[in-house]
1. Check every DSSP H run in the chain and write down those whose alpha carbon atoms cover 18 angstrom or more along the long axis and whose mean Kyte-Doolittle hydropathy is -0.5 or greater.
2. Roughly how large, in nm² to one decimal, is the mean projection of the convex hull of the alpha-carbon atoms in region 1-65?
3. So how much slack lies between Val199 and Leu307, counting 0.36 nm per residue of separation and subtracting their Cα-Cα distance, in nm?
4. Lys/Arg Cβ at +1, Asp/Glu Cβ at -1, dipole of the chain taken about the Cα centre: which of Ser175, Phe102, Asn201 is farthest positive-ward?
5. Once the piece of chain linking Ser60 and Lys137 is laid out straight, how much longer is it, given 0.36 nm per residue of separation minus the C-alpha distance between them?
6. Please give the charge dipole size of the chain, origin at the Cα centre, charges +1 on K and R Cβ atoms and -1 on D and E Cβ atoms. Round to the nearest 20 debye.
7. Cross-link list Lys52/Lys317; Lys52/Lys315; Lys202/Lys260; Lys52/Lys202: which exceed 21 angstrom alpha carbon to alpha carbon?
8. Give me the distance in nm between label points sitting 7 Å out from Cα along the Cα-to-Cβ direction at Ala97 and Ile82, one decimal.
Amino acid sequence: MIGAAGAQFTYYFTLNPIFFLIERLFEGLILGFFFPNLQASISDDPTIDHRKYLSRFNLSWSIAVVFGLLFGSFFLAFIGEIKFIFYINPIFLILNAFIAIFFFQEPKNLNNSSQNSIPDLNIKNSNNDDKSIILSKYYIPLIIPLLLVFALSFASGNGTLLYPIRAVLLGFHSSSTYLISVFSTFAQSITMYIASLLVLNKLKLVSIITLVGYSFLFIFFNLNENYYLFIILFLLSGFFYGIIYAAASKFFLTLNILKKTSKYSSIMESSFGFTFFISQIFLGFMGDINIGLGYITLSLSLAILFLIILVFNRKFKEI
């Protein structure tokens, strides 16, 4: 967090695109250590209620994104000087680094009995004081949460790439891109929290069904030209995104616990970064040819990922 704040201090000296690119690359390398450790810290402690902590983790950054988007949209609508947003960013990071330095704590020393138990992610114990009951073991094919991550990376291309281009073509105000994303992230934060509390079998089924609806949704983004209908579409998009993200993160977290490792948190975040990078290039290439082709490519990509997941779905089971 200190490294990311230090990198963003370059905004006070220059916003030259070359230096901005270098700063973003360095910031990405620094934060690459950050997010996997946050998620792994949940699975590493067998004495906590993992469902509750995972739900809080997912909810917290979604709420932060909502406030960030609201701030950006109102700032652009009433002030219009986008460069001031860059000047404010480092201040928020410094504040978070300060909180982390003084308030982050190591978990309490765990005795052998608690270390050898596998926490429950699916059922709440009738005794609220016992948060470390045995989890029935599941076999979760790694490819299923990976494919869900791929779907999320492609779906993100709508808000970060395709819709901003479409908004310009339709003559919407630049602040509308920020503002309309608020609706998506708000719906996402709710479903992400609720879905994280579902048992694994139900979450698997719900995420697969959601992926079908998500693949068809982007066709309407291509057909629609009304701003208020875009709000409804973004609400639905956030609803679907939150469910799929909750499923992917919970499956990876469960693999951490079952395999007694933290490597799956790194796999999740690394695959997110890599597939997001690839998907943006791919969708950008298609969108450059025709924005409608970009949306069709997005829908087909999610549909193909859904079919591949179905092939491996029967291997996901309780053993």
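Please treat every number below as a calculation from the coordinates, not as lab data. Please read these numbers as outputs of a predicted model, since none were measured by experiment. Neighbour counts run over all protein chains shown; Cβ positions are idealised from the backbone, glycine included.
1. Working: long enough: 17-31 (21 Å, 1.57); 50-78 (42 Å, 0.91); 83-103 (31 Å, 1.96); 143-157 (21 Å, 2.27); 175-196 (32 Å, 0.89); 200-223 (35 Å, 1.55); 227-259 (47 Å, 1.57); 263-289 (39 Å, 0.77); 291-313 (33 Å, 2.30).
Result, helices passing both filters: 17-31, 50-78, 83-103, 143-157, 175-196, 200-223, 227-259, 263-289, 291-313.
2. Numbers: hull surface 21.1 nm².
It is 5.3 nm².
3. Taking 0.36 nm per residue and subtracting the Cα distance, the gain is 36.6 nm.
4. After comparing all options, I get Asn201.
5. Value of the extension gain: 24.8 nm.
6. Once rounded to the nearest 20, the dipole reads 820 debye.
7. Too far apart for the 21 Å limit: Lys52/Lys317; Lys52/Lys315; Lys202/Lys260.
8. Using points 7 Å along Cα→Cβ, the separation is 2.6 nm.
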